[in-house]
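Report on the structure given below.
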Amino acid sequence: MEHVDAAAFWDTRYAEQPAASDPRPNVRLVEMVSELSPGDALDLGCGGGGDALWLAERGWRVTALDVSAVATARLTELARARGLGDRITAEQHDARASLPDPRVDLVNAHYFHTPYAMDRTAILRAAAELLRPGGLLLVVDHGSTAPWSWNQDPDTHYPAPAEVVAPMRLAPERWTVVRGDSPRRIATRPDGSTAEVVDHVLLVRRDA
Ligand SMILES: C[S@@+](CC[C@H](N)C(=O)[O-])C[C@H]1O[C@@H](n2cnc3c(N)ncnc32)[C@H](O)[C@@H]1O
């Protein structure tokens, strides 16, 4: 897909679906972050907002970024309705242009995929630089095609965690790859149907 207006593309996708009243957090976020002490987080491509809401409910202060104004408006409304308005700042923003500059303890990039070209490596690299020492970058990508995915191209290549982190060129004296693997899980659609899917999980810690 060439020359795509990213904001219009995602606004259309979100506007086609009714706003979720109770968006759920991603499984890997819950798995990886439940035991962490809350701090400041950046949710990159927050979408429906399940991750941002879950983090804020646990005491995190979340900047939730998405190119879709539909997504961020919905999240702002959900956060306000749950009394989390002071912990979630949902910003319509194109991460290709820039990122907000506050320092954070966690960057969450869950399924930050697009069907058009995007220099994701540069965005993830810039997001990693926002971390305070000890902070974590969690990148969770699809590793397989769910039967209900919008992308049913059998030739799709899902880069493994090692392929995601290598081009980021993170200096080993400043960064540690804490986890890079491809676990399986049973995913459930809202209609109740299930399928086994693969996630690519990358967790990087900023050491200095
Ligand atoms: C596949 S969705 C994942 C949403 C959410 N993180 C989740 O796990 O359900 C990808 C998200 O990235 C957002 N996105 C795509 N390109 C972006 C960009 N250039 N800047 C900011 N957000 C972007 C989309 O609007 C969409 O919400």
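Every number here is computed from the coordinates shown, using simple stated rules; none is lab data. Quick caveat: nothing in here was measured; it's all calculated off a predicted structure. Neighbour counts are summed over all protein chains in view; Cβ atoms, including those assigned to glycine, are modelled from backbone coordinates with ideal geometry.
Hydrodynamic estimate: the Kirkwood radius of the chain over Cα pairs, inserted into Stokes-Einstein at 25 °C and 0.890 mPa s, corresponds to D of 140 µm²/s.
For region 170-176, the Karplus equation 6.51 cos²θ - 1.76 cosθ + 1.60, evaluated at θ = phi - 60°, returns couplings of 7, 5, x, 6, 10, 9, 10 Hz by residue, with Gly and Pro reported as x. The DSSP beta bridges internal to the chain are antiparallel in roughly 50% of cases. For region 6-206, the relative contact order is 17 percent, taking Cα pairs closer than 8 Å that sit 6 or more residues apart in sequence and dividing their mean separation by the residue count.
For S68, the amide hydrogen comes within under 5 Å of the amide hydrogens of H93, counting only partners 5 or more places away or on other chains and with H modelled in the peptide plane. Extending 7 Å from the Cα toward the beta-carbon at both H157 and E173 defines two label points whose distance is 3.3 nm. Put in line by how crowded their Cβ is, counting other Cβ atoms within 10 Å and starting with the fewest, Y14, Y111, Y116 read Y116, Y111, Y14.
Under 5 Å from the amide H of R179 lie the amide H atoms of L203, each residue being 5 or more positions distant or on a separate chain, with H modelled from the backbone and absent for Pro and chain starts.
Every helix of 4 or more DSSP H residues in the chain counts as -39500 (n - 2.57), and over all residues that averages to -7500 deg cm²/dmol at 222 nm.
In a simple Cβ point-charge model (Lys, Arg +1; Asp, Glu -1; nothing else charged), the chain has a dipole of about 540 debye relative to its Cα centre. Residues whose amide H comes within less than 5 Å of that of A90, counting only those at least five positions distant or on another chain, are A64 (H built at 1.01 Å from N in the peptide plane).
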